[in-house]
Amino acid sequence: MRKILLFVLSFFCAGILCVKSQDNAQNWANFKYYKSQNDSLRTDMRVSGRVVFIGNSITEGWKNQHPDFFDRNGYIGRGIGGQTSYQMLLRFREDVIELSPEVVVINAATNDIAENAGAYNEDYSFGNIVSMIELAQANGIKVILTATLPSASFSWNAAIKDATPKIVALNSRLQAYAREHNIPYVDYYAHMVRLADGAQQPQYTNDGVHPNSQGYGVMESLVKPVIDKVLLQD
């Protein structure tokens, strides 16, 4: 009887740990962050020309600082602060595919390089972004790929001393992939970098990572014409 009780207790505890692990995975991807907004958008899938921006705090801050850019154009912001490409890939179905957009604009990897989710691995981050592209295309969604923004350092992880070469290397791979697969590529990096040290130009940022209002203005001038062109394609 004692062995049976121990077995049942062990099985019960394992079940609790499994549920807890699932909860942690869901919380890590933050599926609930935009749930209510997504539910509202799903009620009307007749909207044509829907565009979703998926990203991290750079995308979230864009919507917060320049809401008119999104509202005026009918764009949907799906950025979550601190997220890596791993988390974005996990929530890609909920925050992009299920909204049935015509276009998705992908910006990722700043937090990968800042090691928010562990040691940076370029192959993994590149693979995560490619997986998002492939998921979009498999669901009939057109893709606009964008460069990871310049950052020479990260205030929340001062141990990272080689951000610039990592960003340059990843952007080079992303641009080559976009060219090979005929995907529009918006090079925020080239227009916002300070060539002397790879930092973001100081007039475009207040902390070296996140664009300020002027920085977002530059990004808008680059991405809007590309979106318009893609929307006109059959």
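Throughout, read-outs are computed from the coordinates displayed, never taken from laboratory work. Computed from a predicted structure; not experimentally measured. Note that each Cβ is placed from the backbone with ideal geometry, even for glycine, and that neighbours are counted across all protein chains shown.
When both bridge partners sit in the chain, DSSP labels roughly 15% of those beta bridges antiparallel. Backbone amide hydrogens, once placed in the peptide plane, bring Gly82 within less than 5 Å of Ser57, excluding anything fewer than 5 places away on its chain. From least to most packed, judged by other beta carbons within 10 angstrom and beginning with the fewest, Arg194, Arg42, Arg50 follow the order Arg42, Arg194, Arg50.
Based on other C-beta atoms within 10 Å, arrange Ser40, Ser153, Ser85 from fewest to most.
Lowest count first: Ser40, Ser153, Ser85.
Residues whose amide H comes within less than 5 Å of that of Ile76, counting only those at least five positions distant or on another chain, are Val51, Val52, Phe53 (H built at 1.01 Å from N in the peptide plane). In this rough spin-label picture, where each label sits 7 Å from Cα along the Cβ direction, the His181-Lys229 distance is 1.9 nm.
Summarising the amide proton neighbourhood of Val186: residues at separation of 5 or more, or on other chains, whose placed amide H is nearer than 5 Å comprise Leu145, Thr146, Ala147. Extension gain, Ala138 to Ser36: 0.36 nm times the residue separation minus the Cα-Cα distance gives 34.2 nm. Once you've got the Cα coordinates, tell me which of Lys32/Lys161; Lys35/Lys166; Lys142/Lys166 are over 31 Å apart. Checking Cα-Cα distances, Lys32/Lys161; Lys35/Lys166 exceed 31 Å.
What is segment 35-232's relative contact order, in percent, from Cα pairs under 8 angstrom and six or more apart in sequence?
Computed over segment 35-232, the figure is 19 percent.
Phi angles across segment 148-154 convert, under the Karplus curve 6.51 cos²θ - 1.76 cosθ + 1.60 with θ = phi - 60°, into 3J(HN,Hα) values of 5, 5, x, 7, 8, 7, 10 Hz, Gly and Pro given as x.
Ordering Ser131, Ser221, Ser151 from the fewest to the most neighbouring beta carbons within 10 Å gives Ser221, Ser131, Ser151.
Can you work out the PRE-style zone for Asn157? Point 7 Å along Cα to Cβ, and I want the residues of segment 113-141 with backbone N under 14 Å. Once the point is set 7 Å along Cα→Cβ of Asn157, 113-126 turn out to lie under 14 Å by backbone N, inside segment 113-141. Working from label points 7 Å from Cα in the Cα-to-Cβ sense, the Arg194 to Gln26 distance is 4.5 nm. Taking label points 7 Å from Cα along the Cα-to-Cβ direction, Tyr124 and Gln214 give a separation of 3.7 nm. For the chain, hydrophobic long helices are taken as DSSP H runs at least 15 Å long by C-alpha position along their axis with mean Kyte-Doolittle hydropathy of 0.5 or more; these are 2-29, 213-232.
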